[in-house]
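I have placed the structure first, in the form of structure tokens, so that the comments after it can refer back to it.
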Amino acid sequence: MAPLPPHPPRPRIVIAEDDTLLMEALARLLEPAFEVVGTASDGDEAVRVALREVPDLVLLDARMPRASGFEAARCLRRELPATPLAFLTANRDPQLAAEAFRIGATAYVLKDSTPEEFEAALRAALRGEITLSPRITGGDPEALPPPPRTEEASERLSSRERDVLKRLAAGLSMKEVGAELGIATRTVAYHKYRMMEALSVRSSAELVGFAVRNGLS
């Protein structure tokens with residue numbers, strides 16, 4: 001009796017997600033089809049784990065403590081240029097999706113996607129195919145907005161404001177930013193709303209978008 005052919009190896013994946021419950025749920029969801037070889041709860045750890053494991057795919061949350069998914073992606077694109085990167089996020093801002101693809105991501109998937117959509121996007125990323133959630137510009141990456149005009153954040157924001165913005169863009173609350181910088185929460189709020197006024201943005205999402213575009217995420 002001829003031996004059975006060996007099972008093809010499962011793709012090796014690193015998951016970066018700061019929500020522990022969601023991290024565990026993602027691992028359980030993916031384990032039948034993927035081998036989860038590492039997890040991380042912030043951007044810096046995601047880079048360390050990915051460099052150690054050299055996986056077939058890295059899944060990144062867009063907003064994480066210490067370093068955002070965007071910052072981690074920039075580093076990984078330099079250090080592991082052949083490794084596909086996929087973003088899993090709740091943010092539907094087309095500008096952020098466009099930035100993810102400009103960095104070199106191959107998938108931008110929303111957290112309210114179905115499990116089937118999610119796994120299909122990761123499979124496509126492994127093949128090098130670009131996948132965008134259909135809830136953003138109908139799933140057409142070509143319809144995403146072009147790169148905005150480069151803005152000199154250093155000329156428009158103070159050093160303290162950049163420190164605050166970097167942490168807000170990484171997903172920290174105003175209370176957590178204050179604790180990390182040793183300032184009061186109300187002072188963080190003052191810096192946040194002064195930045196919004198100075199940059200002519202109307203929401204926290206637009207403020208985060210500014211941070212991403214200017215490398216402050």
Shape of segment 21-67, Cα gyration tensor, a/c cut at 1.5: oblate
Residue with peak Gaussian network fluctuation, the chain [Cα springs, cutoff 10 Å], from D93, D18, D61: D93
Value of Rg/Rh across segment 1-99 [Cα atoms, Kirkwood radius]: 1.06
Computed lengthening from A184 to V54, 0.36 nm per intervening residue step minus Cα-Cα distance: 42.7 nm
Rounded if a/c under 1.5, otherwise prolate or oblate - segment 98-217, Cα gyration tensor axes: prolate
Probe 1.4 Å, accessible area per residue of the chain, Å²: 51 Å²
Entry for volume of the Cα convex hull per residue in Å³ (calculated from the structure that is shown) out of (i) 237; (ii) 134; (iii) 346: (ii)
Within the chain, helix-based [θ] at 222 nm, where runs of 4 or more DSSP H residues each add -39,500 (n - 2.57), nearest 500: -14000 deg cm²/dmol
Rg/Rh for segment 168-214, where both radii come from Cα atoms and Rh is the Kirkwood radius: 0.97
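The values are calculated or read from the model by the stated rules, or taken from the named source; none is laboratory data. Source: prediction; values computed, not measured. Just so you know, the surface numbers come from the protein's heavy atoms only, side chains and all, with ligands and any DNA or RNA stripped out. Shrake-Rupley method; radii C 1.70, N 1.55, O 1.52, S 1.80 Å.
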